[in-house]
1. By count of other Cβ within 10 Å, fewest leading, how are B:MET588, A:MET1 ordered?
2. Under a plain spin-label model, where a point goes 7 Å from the Cα along Cα-to-Cβ, how far apart in nm are A:ASN257 and B:SER397?
3. Exposure proxy check: B:ARG100, B:ARG469 ranked by fewest other beta carbons within 10 Å?
4. Label 7 Å along Cα→Cβ of B:GLU129; segment B:579-622 residues with amide nitrogen under 11 Å?
5. Report the dimensions of chain B along its three principal axes from the alpha-carbon atoms, largest first, rounded to Å.
6. Please give the Cα centre distance for segment B:1-36 versus segment A:12-79, rounded to the nearest Å.
7. Can you tell me which lysines have their Cα less than 22 Å from the Cα of B:LYS188? Leave out same-chain residues fewer than eight positions away.
8. What's the longest bit of chain B with no exposed GluC sites (Glu not before Pro), using DSSP loop states and at most 15 other Cβ atoms within 10 Å as the test?
Amino acid sequence: MPIVSVKNILKSYGAKKVLEGVSFDIEEGEIFGLLGSNGAGKSTITSIILGLEKQTSGEVILFNSKDNKNLNSKIALVPQETAFYKDFTVEANMHFFASIAGLKGEKKNKICNFLIKWLGLENFKNTKSDFLSGGYQRLLNIALSLLNDPKLIFLDEPTVGLDPKMRLMFWDKIKELKAQGKTIILTTHYMDEAQKLCSKVALLKKGKLLVMGNPADLIQEYGGIKVIVLKIQDGISENDLKNIKTTLKQDNILSKNEFLFIPLGQDHSIEKVTGVTEWLMKKGYNILSSTTKEPDLEDVFLNITGDKMTEKD
Amino acid sequence: MVKLFDIIWKEISLVKSQKIALLLIILYPLLVVGLLGSAFTGIDVSKMSQSRIGLVNDITFDSNIASSFSSMKDLTIVTYEDINLLKLAVKKKEVIAGIRLSGDSVNKPIKVELLYDNSSLLSSRFFVEVAKAMIQRVSSELVQTQLGLVWTTLSQLGGNIDQELTNIEDFKNKLAQSSVTLDALEAKLNAVDFSEMESTLEGQQNSVLGFQQKNEAFKNNLASFKSSFNELKTEYSSFRTQVSQYKTQLALIPEQIIVAYAALDLTINQLKSIEPMVVDAVAKQKLTDSIASLEAQKTQLNEWNTTITSLNILLQKIDSDSSKLNTTITQADNLFKTLDSESANVSSALTSSTTAINSANEKLIVFKQSIDEVKKLILDARQSKTEIESRLSESDSLLSTFSRKLVEFKDINPDVLAKPVIFYEARIFEVDSFGILVANAAVVVLILTCTLLTSLLIILEKTQKVSLRLSLSSTSKTILTIGKILGQLVIALVEGAIIFLVAFTKIPLPFPIMGVKQIGFGLAISSSLIELVLGVIIISLSFIAIGMLISFFTKNQSTAILACLLLIVPMLFLSGIILPIEFMEPTMQMISSFLPLTVANNLLLGLIVKGIPLFEMIFEVSYLLFITLVVMIATILQKD
């Protein structure tokens, strides 16, 4: 039985439909990724599942129950923005929300201490939350959400603004949570994050579920081909781009800013691309870097919707 | 329960974590009550009399109204020469208000101009009303004095009227007596028999007439006799004259004779002398004849002289006899005169008698007429008497009524008329004005802090997304709401405790610190402490509810602050704390009575000032609890 079952959710604000016929199931222990650009409906569906909003039509079944009013002890939300009292210390926040979560006495202390330690906050116990770095604030955010030992955890853009090290740490923690049997619904812009963490993703666009499945499967099916990405100082001229397209007989070569994207088709070889690289160098272009971009969920999104998910390097 | 306590502690901790908020919560009530207490402790209207009132006296007649002001012991009157100086003084606040008295006649009202600085809505208007009250008092005192004089005059008048009434009574009695007299008079008048008088007069008149006729006849006879006598007298007179002349002549004659004799003698002598001389016989003869003649003449003369002498003697005798006759004639003349006179007198007397009789007749007629007129007058007098009696009775009645009224007036105290109302301040509540300020300050502090703090903390939770976390927690919204409310209540109670501690305690300092000799103001509390605490709780709960209500509609703290101020500031002005509710329009008064701040203020005033038990202030308690309940329920039911 899926732990979360969303069936034909329709949500409209007046005439405007923000969710239209969204349906998916989330199995226990999954890390389910909700992907989509801004305004796709990710937060709305999350709110509906959490019971913070009411759907116009459709149903949500959590833990085999349509009534999600009494499921707060099993559910946790790690909001994108930090949700704690910034003027309280880490420990004070932990203790208060532990109390709110129904914990008391020794158990409360134990859990608080455990979470503080688990998330690496023990050195900041008595630090005012506002004084924590962004990463540690997010860790606190997570810690507070885990106080009630939820079975289902909503992570809303958990790693936004974090440095790579922190991100990795977050990912590790998420994996640990998964290992504990927790079901996680992850909302993220980061495709690599979804790719790395999610066992299943759902792509949303303008309130509609475009596609859902295992990231690898989706990539394979919709991801397209590899792309060589050349970073050229000052970019290339239109004329040279045209030449490249003509040389490689490929119109889908894209130049944007300093980047040149050369998708690798079946009839293309790395050698041909290498030739292009050398040609560019001869032309005097300074190639700063060369990377191979594997198709990812971004590509899946792009290929399915025609839009880019995000602006990124 | 533990959860609730944690939520309460969270609220308190949130405030504690804000050092400035903490400072404000403690300092703010201290400051408000301390300042108010220092500024207004012992406020008393009568002490406001230390304020200076300017006075310009432009009364042109002698009046003591201006001096009456100056003599009022609870006033400081500053006199100015003219109105412009007074206006300047008011503008410069050298005086609180100004009074200008003007008038040119004691029979016209004195014009009192009240000058005040109306840029200050309440205080100057208040002093104007105080000045008006003073003026009314002075006017009342003057009226009292005047009425006193009037009453004295009325009293005297009453005495005079009583005297008049007595006089009227006497007069009436006299009238009654006069009636008797009139009757007697009339009787006497009627008894007067004019016919006898008339006939007597007639007889008298006839007698007089007869006498007159006789007198006339006598007079006529006398007159003819007198005429004859006068003729005789005339003849006698001429005789005497002649005699006299004869006498005179005769008197001369001797002389003449003497002279003639002498002459003759001379002549004779001469002739004789010459005789010898004459030769002519004839001449001589003639001479001799002449001498003989002359001698004869001389002899004749001697004879004549003797005759004359005899005549003289005879004349003398005649003269003597005529003298006697003259005397007799004179006597007769005198007698005639006397007779004339007497006759005249008799005539006159008769005439007088006639006249008198006529006059008596006329007088009798007149008397008769007078009698008739007197009778008429008596009749008129009777009628007049009747009318007079009637009028006197009316006057008597009126004067009696007036006298009774005056007696009644005597019983009226003119002081009471001038001042029919004496104001006694029957204070329903024995309270220091500071107590009112404490109640006002407490509600103001509570509404500001409770409303602001509550709304800001809720907004804070919203902006920090804590509300989301809380809504997703297993703790019910009810508990969260109650915990929040209770947490804010604790803070409100702390503030209330600070306010009331400062207000109700009084700890003298061992030595003054910056002029402060004691801590606290020692205000007496009218109700019990428990009721006061309950009251503060009820009020705070409602204000917390208002704060929660504000947080429903605001998304950030600045908006929440503005919304709080938008709500609180009008309530401050309309609640009666700053301006009396009585100043407002009736509709506004009604609206004001339903404002939470007004109700809260009334509740605290009831507890602190009036000593009304809490359970008697049903409207206030239920209204505030109703607000709390409604908002609480709305909060719990509100979707996040």
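Readers should treat all values here as calculations from the given coordinates under stated rules, not as data from a laboratory. A quick note: this is a predicted structure, and the numbers were derived from the prediction, not measured. Cβ placement follows ideal geometry from the backbone for every residue including glycine, while neighbour counts extend to all protein chains displayed.
1. Listing B:MET588, A:MET1 from fewest to most nearby Cβ atoms yields A:MET1, B:MET588.
2. 12.3
3. Ascending Cβ contact count within 10 Å gives the list B:ARG100, B:ARG469.
4. B:580-584
5. 228, 81, 48
6. 39
7. Correct list for B:LYS188: B:LYS174, B:LYS363, B:LYS368, B:LYS375, B:LYS376, B:LYS385.
8. The reported range is B:95-424.
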